[in-house]
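Right, one structure below, let's go through it.
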Amino acid sequence: MSDLVGDARAWSPDAQEAARLLGVSALVEGRDRVEVAALFKVSVKAVDNWWAKWQAGGRDALLSRPRGRRVGEHQVLSEAEQAAVRQAVLDHIPSDLGLSGQLWTRGQIGELIFKLYGVRFTEPGVGKYLKRWGLSFQRPDKRAVEQDPEAVRLWHEGTWPAIRARAKAENGEVLFADQVGIRSDQVTGRTWGAKGRTPVVRRTGNRFSVNAMSAISTRGRMHFMVFTESFDAKVMCRFLARIVRHFDRKIHLIVDRHSAHRSKTVRDWLADHNDEIELHFLPSYSPELNPDELVNADLKRSLPHTHRARSQAELAAETRRFFHRRQRQPHIVRGYFGGPHVRYVLDENPLSF
């Protein structure tokens, strides 16, 4: 199928057939041909060919072989058809394929099967296939729609390896940093209670918050600062000054694209300390690439297990205790780099530095 581009070249004939059926269905529902081509990783010419075949011969013209089970095949869907449905579920959300919603349910997958092959399944029947396919019902990771996949690819394949190589050549130190806000009325996690009666967590009506900035390395080092004012360029410069005092070599600090990080105030401060520290920016809307985000999540999980703060000073003290505790636990700090989306830091740099 020469019109296929990118990942679609590796598709089986049945997966290609499924793409044709779903692509024409999307065109019938009013989706733009360029949009459909991008969605199914094919050329616009391929989409035009699908449409021409459908207009000339209907649904049958899009099939790659006669439908129906082979002799001796006892499953309602053939193995190839199952593979095509499984791949569609893994590669797309329901709304991509003319269905409603963004999350797959057994009912939605049943609708997809009917749309492709005209066969109706009960939800338990769909569930049996899902189990056979090695799929499970999971809480999905969230990604900002503004995230640029190409920028993420360039980070993995170009930017990050270059930062790592420079730091190694300079005998420098790489740190990942992020800021976090903690509120007094924040409740995370779960607790036990009687069935049918939601447990109540009592908290003060006097709401207050503190902020923190932390930085971690693959060696298990952690540096932090807790503050009560809003995070801005002046706070960022203060944090940078605190970090450089702890090192006798150049620091490569990786942060997100927060406006304070890119402000003129910070740029001017960095220009005066160019031999001591350099900032590098993650792709926009990509917090999952920053292992220090896992520090923030750990902090928010841990605080409710200590006594509930009744003032801003107590909340700041609890937050500092958390960071001091983690500083004495470098194995936990190193463990933040083992998360599925940040493991690339260790995979590309097994010796750490």
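Remarks
- If you go through the stretch 206-221 and keep only what is open to solvent by 10 Å² or more (accessible area, probe 1.4 Å) and under 14 Å from Ile251 (Cβ atoms), you end up with Thr218, Arg219, Arg221.
- Inter-residue pairs, beta-carbon under 8 Å, first assigned to a helix (DSSP H, G or I) and in the stretch 34-61, second open to solvent by less than 40 Å² (accessible area, probe 1.4 Å) and of a type in the set (Ser, Thr, Tyr), 6+ apart: Ala37/Ser43
- Residue among Ser259, Ser284 that is open to solvent by 70 Å² or more (accessible area, probe 1.4 Å), closer than 25 Å to Pro149 by Cα and out of contact with any Gly (no Cβ under 9 Å at 6 or more places or on another chain): Ser259
- Meeting the requirement of 3 or more residues that are more than 27 Å from His156 (Cβ to Cβ), the helices (runs of 4 or more DSSP H) wholly within the stretch 243-353 are 264-272, 292-302, 312-327.
- Top-ranked residue in the stretch 164-190 [being more than 22 Å from the chain's Cα centre (by Cα) and under 22 Å from Arg321 (Cβ atoms); ranked as modelled with the highest pLDDT]: Ile182
- For the stretch 112-137, residues that are under 27 Å from the mean Cα position of the chain (by Cα) and without any contact (Cβ under 8 Å) to a residue 24 or more places away in the chain total 5.
- Condition check for Arg238: part of a helix (DSSP H, G or I) and of a type in the set (D, E, K, R): yes
- Members of the stretch 109-153 found to be part of a loop (DSSP other than H, G, I, E, B), at pLDDT 85 or above and among the charged types (D, E, K, R), listed by number: Arg120
- Every residue from the stretch 79-111 that is in contact (Cβ under 8 Å) with a residue 60 or more places away in the chain, open to solvent by 40 Å² or more (accessible area, probe 1.4 Å) and within 24 Å of the chain's Cα centre (by Cα): Gln87
The values are calculated or read from the model by the stated rules, or taken from the named source; none is laboratory data. None of these values were measured; they are calculated from a predicted model. Cβ sites come from the backbone with ideal geometry, for glycine too, and all protein chains shown count toward neighbours. Please note that ligands, DNA and RNA were not included when accessible areas were found on the heavy atoms of the full protein model with its side chains. Shrake-Rupley method; radii C 1.70, N 1.55, O 1.52, S 1.80 Å.
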